[in-house]
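This report concerns only the one structure given below.
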Amino acid sequence: MREWIDALRRAGELVEVRAEVEPHLEITEIADRVMKAPGGGPAVLFTNVRGSRLPVLINQFGSWRRIAMALGVDRLEDLAERIETLIELQPPQGLVEKVRALGKLRELASFSARTVKEAPCQEVWLTEPDLDLLPILTCWPDDGGPFITLPLVFSHDPRTGARNCGMYRIQKLDRRTAMMHWQIHKDGASHLRDSQGRVEVAVAIGSDPVVTYAASAPLPPGIDEMMLAGFIRGKSVDMVRCRTVDVEVPATAEIVLEGYVDAHDLRPEGPFGDHTGFYTPIDDYPTFHVTGMSMRRDAIYATTIVGKPPMEDFYLGKATERIFLPLVRMSVPDLVDMNMPLEGVFHNCIVVSVRKRYPGHAKKLMNAIWGLGLLSLSRCVIVVDDDVDVQNLSDVAFRAFSNVDVGRDMLVTEGPVDALDHAAPYFAYGSKVGFDATRKWPGEGVVRPWPGEIAMSDDIRDLVDRRWQEYGLG
Ligand SMILES: Cc1cc2nc3c(=O)[nH]c(=O)nc-3n(C[C@H](O)[C@H](O)[C@H](O)COP(=O)(O)O)c2cc1C
């Protein structure tokens, strides 16, 4: 993360704030203004935070430029293209192709995490864990307390031993007790459900930005987020074993909390001003007991705030949207593009485009989305034809408003919804809606002849292009 901070500084993407600031609400108000500035504002390093010796890094991912820089590409699409070539499903034909395919597999395997013996994250070992040392933010006025908002939470599947790394906020209760807000659909929560009631956990705070991003990526259970990070970096992630639990953490992390999460010790967590733009109310979550704590010398505390969009997490989500598009297309090949618009806070709305080939194709796509990983939680799915740019919301709205007959083109269903969906009648269960905003075909219900869309002919457009100066219209 230090190299990353230097890179941000060199690129003019970081502002250092030396004035003393309060982790209770004040940093949020500053960061909220910065994140909502046009283009996302700069990353900010607060070097003088009241009550702690640690500097605070915030908004490290909060612009198109920085999320791309963080993942080592010029554009997020470059990464999607790399993934696309990796997962090309054509069976190799001749010998040359076979050798190339083998090379790809070998390349992927070479990105697995490596275990090292010594690590900077263990430079300072605290004989007594003490969360009070950290400048943990209390973000919003009605929050139930201070929350660690950018943690990388490592745990293992008790049945298979597979590692998971998720980003789940952690509410501090006292020096060595906190709460783990892994939601019901997340892998960490499954580990606890399948355990005998306790799961060993290690939490890393502040790391290589690729590793931090990977924690937020919705990989299927059993696939190691550290391998994804290794693939993106082009270099495997070094991990080190914790001292009090059998879990590994990234060797260069700034701060490490070791401990266990206890299913039999549930306590009221929240409220928390969430990424939905609303407070998530108090609910019971398991306790995280900290048994060990280590840091780098001069550790830096990385955090974020969530709230009404746009916030920094928008860019992390957009990275996932781009990176996972080729993977989604493996299961749903007719899906051309997807957009989770800012206002939909990811789970509330997704726009997808379809290369339509048969009646009902758009509805098939809705059902595919509702059956796919965390996308299944999407509350509203809008399907447009593949000549519509899903990123252009004005164009999408034009199709949705003009092409939908609700009696024929709207599909309502029920199922799991996001744990943060406050409009659903039940916790994590509710209804979802799909709108087929494609041109309708015969065979898709009662369809009158579909009108052509208005567009000028090419010859006249060329003519007007050529003569434009003559008209004196500027
Ligand atoms: C800044 C940020 C905070 C997040 N906080 C939480 C959280 O508190 N609880 C949760 O279940 N998911 C949270 N998420 C979403 C998860 O990190 C994401 O769904 C991830 O894929 C979960 O990992 P898993 O699939 O391994 O469970 C957060 C994401 C971001 C970017």
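Quick one: Cα convex hull volume of the range 1-141, Å³ per residue? Could you put the intermediate results ahead of the total?
Values: hull volume 25.8 nm³, N = 141.
With only Cα atoms used, the range 1-141 gives 183 Å³ per residue.
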key: Backbone N under 17 Å from the Ala37 label point (7 Å along Cα→Cβ), restricted to the range 45-73   = 45-47, 57-67
inquiry  = Counting heavy atoms of the protein chains only and a 1.4 Å probe, report the per residue accessible area for the range 384-464 as a whole number of Å².
reply    = 62
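Calculate the FRET efficiency for Asn367 and Lys308 from the Cβ-Cβ distance with a Förster distance of 30 Å, rounded to the nearest 0.05. If you can, show how the numbers build up before the last one.
Numbers: r = 31 Å, r/R0 = 1.05.
E between Asn367 and Lys308, to the nearest 0.05, is 0.45.
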task = Name the residues whose placed amide hydrogens come within less than 5 Å of the amide hydrogen of Asp238, ignoring near sequence neighbours (fewer than 5 apart) on the same chain.
result = Arg114, Ala251
remark   = The simple spin-label model distance between Val124 and Asp194, using points 7 Å out along Cα→Cβ, in nm, is 3.7
query = Taking 0.36 nm per residue of separation and subtracting the Cα-Cα distance, what length does fully extending Ile460 through Arg243 add?
reply = 70.7 nm
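For the range 163-232, take N as its residue count and report Rg(C-alpha) divided by 2.2 N^0.38 Å. Please report the intermediate quantities before stating the final value.
Values: Rg = 12.7 Å, N = 70, 2.2 N^0.38 = 11.1 Å.
Working it through for the range 163-232, the quotient is 1.15.
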Reference-scaled alpha-carbon Rg (2.2 N^0.38 Å with N residues) for the range 270-382 = 1.39
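Expressed as a fraction of 2.2 N^0.38 Å, the rule-of-thumb size for a compact globular protein of N residues, what is the C-alpha radius of gyration of the range 112-180? Display every interim value, and only then the final one.
Working: Rg = 15.0 Å, N = 69, 2.2 N^0.38 = 11.0 Å.
Relative to the rule-of-thumb radius for its length, the range 112-180 sits at 1.36.
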remark   = By the Cα gyration tensor axes a ≥ b ≥ c (a/c under 1.5 gives rounded; else a/b larger than b/c gives prolate, otherwise oblate), the shape of the range 331-474 is prolate
query = Which Cα, out of Gly474, Pro442, Ile454, lies furthest along the positive dipole direction of the range 419-474 (beta carbon charges, K/R +1, D/E -1)?
reply = Pro442
query = When all protein chains stay in place, what accessible area (Å², nearest 10, 1.4 Å probe) is found for Met167?
reply = 50
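Run the numbers on the chain and let me know its relative contact order in percent, using alpha-carbon pairs under 8 Å that are six or more apart.
Answer for the chain is 14 percent.
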request  = Note down the magnitude of the dipole of the range 274-396 about its Cα centre, charges +1 on Lys and Arg C-beta and -1 on Asp and Glu C-beta and zero elsewhere, to the nearest 20 debye.
outcome  = 360
query = What order, most packed first, do the peptides 312-325, 362-375, 402-415 have when packing is the mean number of other Cβ atoms within 10 Å of each residue?
reply = 312-325, 362-375, 402-415
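Report, in deg cm²/dmol and to the nearest 500, the calculated mean residue ellipticity at 222 nm for the chain, where each DSSP H run with n ≥ 4 adds -39500 (n - 2.57) and the sum is divided by the residue count.
Details: 13 runs with 134 residues, N = 474.
Rounded to the nearest 500, the figure is -8500 deg cm²/dmol.
Calculate the translational D of the chain in whole µm² s⁻¹ from Stokes-Einstein, where the hydrodynamic radius comes from the Kirkwood formula applied to all Cα pairs, the temperature is 37 °C and the viscosity 0.692 mPa s. Working shown, then result.
Working: Rh = 24.1 Å.
Result for D is 136 µm²/s.
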remark   = Given unit charges at Cβ for Lys, Arg (+) and Asp, Glu (-), the dipole magnitude of the chain about its Cα centre in debye, nearest 20, is 780
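So between Gln469 and Asn48, what do we pick up on full extension, going 0.36 nm a residue minus the alpha carbon distance?
Values: separation 421, 0.36 × 421 = 151.56 nm, distance 5.80 nm.
Here the answer is 145.8 nm.
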query = Roughly speaking, what is the stretch gain from Glu29 to Arg355, that is 0.36 nm per residue apart minus the C-alpha to C-alpha distance, in nm to one decimal?
reply = 112.9 nm
ask   = Any idea which of Leu173, Pro220, Gly206 is furthest toward the positive side of the dipole for the range 123-224, if Lys and Arg beta-carbons carry +1 and Asp and Glu beta-carbons -1?
value = Pro220
ask   = With labels modelled as points extended 7 Å from the Cα through the Cβ direction, what inter-label distance (nm, one decimal) is found for Leu342 paired with Ser394?
value = 1.5
For peptides 215-222, 252-259, 124-131, 64-71, sequence by mean Cβ density within 10 Å, most packed first = 252-259, 64-71, 215-222, 124-131
key: Integer Hz, Karplus 6.51/-1.76/1.60 couplings in order for the range 113-126, x for Gly and Pro   = 5, 10, 9, 10, 8, 10, 8, x, 5, 10, 4, 10, 9, 8
key: Extreme residue, positive dipole direction of the range 51-95, given options Leu86, Ala68, Val56 (C-beta unit charges)   = Val56
remark   = For the range 388-448, the dipole about the Cα centre with charges only on Cβ (Lys and Arg +1, Asp and Glu -1), to the nearest 20 debye, works out at 260
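The values are calculated or read from the model by the stated rules, or taken from the named source; none is laboratory data. Predicted model, so just to flag it, every value in this text is computed and none were measured. Please note: Cβ atoms are built from the backbone with ideal geometry, for glycine as well, and neighbour counts cover all protein chains shown. Keep in mind that these areas ignore ligands, DNA and RNA; they rest on the heavy atoms of the full protein, side chains included. Shrake-Rupley method; radii C 1.70, N 1.55, O 1.52, S 1.80 Å.
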